[in-house]
Amino acid sequence: MSIHIELPKELRPLMRKPLGTLYVGTGSDTIEKFVGELASPTRLISVGDVTTFHLLEAGIFPDICIVDNRTKREPVATHMSARNMDKIYEEVSVDNSAGIITDELIRTLCEAFASKKPIRIFVRGEEDLATLPVILLAPLGAVVLYGQPDEGVVLVKVTKEKKRELRALFEKLISKNQNSELDKIRRILDGHKDY
C-alpha cells in the first residue's frame, strides 16, 4: 500500500511562493539570467518539463530531471517531450498523483541520488510537489531548478538553512495528514536507509 502526503487547501498558497530565487522570463532568456549562478553544484536537479527542456536545449544536462510530459496540467508539445527523452538518461518511472507526495516518489529520489548515472524520473501523474522532497534529499551544495508557472524559473541552492526551512514546511504537511505510516517518510528524509 502506498503511503502519501496530501497538500491541504490551506497550505497551497505556501507552495506557490518561490522556494529560492525567481528568474523571470520564458525559455532560453531565463537560462541566460542564472547560468552564471550554477558554478559547480554537487548535483544539478531540474523539476518540470519546460525547465528541463530549456536546460537541455542550452546544453546544460542536469544529473537528475523529473518530468511528467505535462505543463500547467496540459500535455507538453511533442518536440519538448522528445527532447526531454535524451538518451544520456536512464529512465525510472514512478506513480504520483497531483497534489500529493508518495513514498514511492521519495524512495525513487533516494535511489536517484545514490546513483552515479544521469537519471530521468518520469512521473505517471504529476510532479507538482516533487521539489519539496528533492530539496530535502539533495546533498548540500546541490542546485534545484523548477518552473514557476507563467513567471520563470526558480533556482534553489541547497544549504543547511534551506533544508531546515523546507523541513518545517514538510512537517506542516505531515501534521495535516494524520497517519502513523508517515513516520516511515520522516525516517527516509532523515537519511535512514531502512525503507
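Since every read-out is calculated from the coordinates, none of them should be taken as a lab result. Predicted, not measured: the structure shown is a model, and the values here were computed from it. Heads up, the Cβs are rebuilt from the backbone with ideal geometry, glycines too, and the neighbour counts pull from every protein chain shown.
Fewest-first ordering of THR52, THR131 by other beta carbons within 10 Å of each residue's beta carbon gives THR131, THR52.
Taking square-rooted eigenvalues a ≥ b ≥ c of the alpha carbon gyration tensor, is region 33-131 rounded, prolate or oblate, where a/c under 1.5 means rounded and, failing that, a/b exceeding b/c means prolate? Note, shape of region 33-131 comes out oblate.
Each of ASP68, ASP63 was scored by other Cβ atoms within 10 Å of its Cβ. Arranged with the fewest first, they read ASP63, ASP68.
Here the extension length gained between LYS33 and GLU10 equals 5.0 nm, from 0.36 nm per residue of separation less the Cα-Cα distance.
Rounded if a/c is under 1.5, else prolate if a/b beats b/c, else oblate: with a ≥ b ≥ c from the C-alpha gyration tensor eigenvalues square-rooted, which is region 4-189? It is rounded, given that a/c, with a ≥ b ≥ c, falls under 1.5.
Rounded to the nearest 20 debye, the dipole magnitude of region 4-189 is 580 debye, with +1 charges on Lys and Arg beta carbons, -1 on Asp and Glu beta carbons, and the Cα centre as origin.
Here the extension length gained between THR26 and GLU90 equals 20.3 nm, from 0.36 nm per residue of separation less the Cα-Cα distance. Sorting TYR146, TYR23 from the fewest to the most surrounding beta carbons within 10 angstrom yields TYR23, TYR146.
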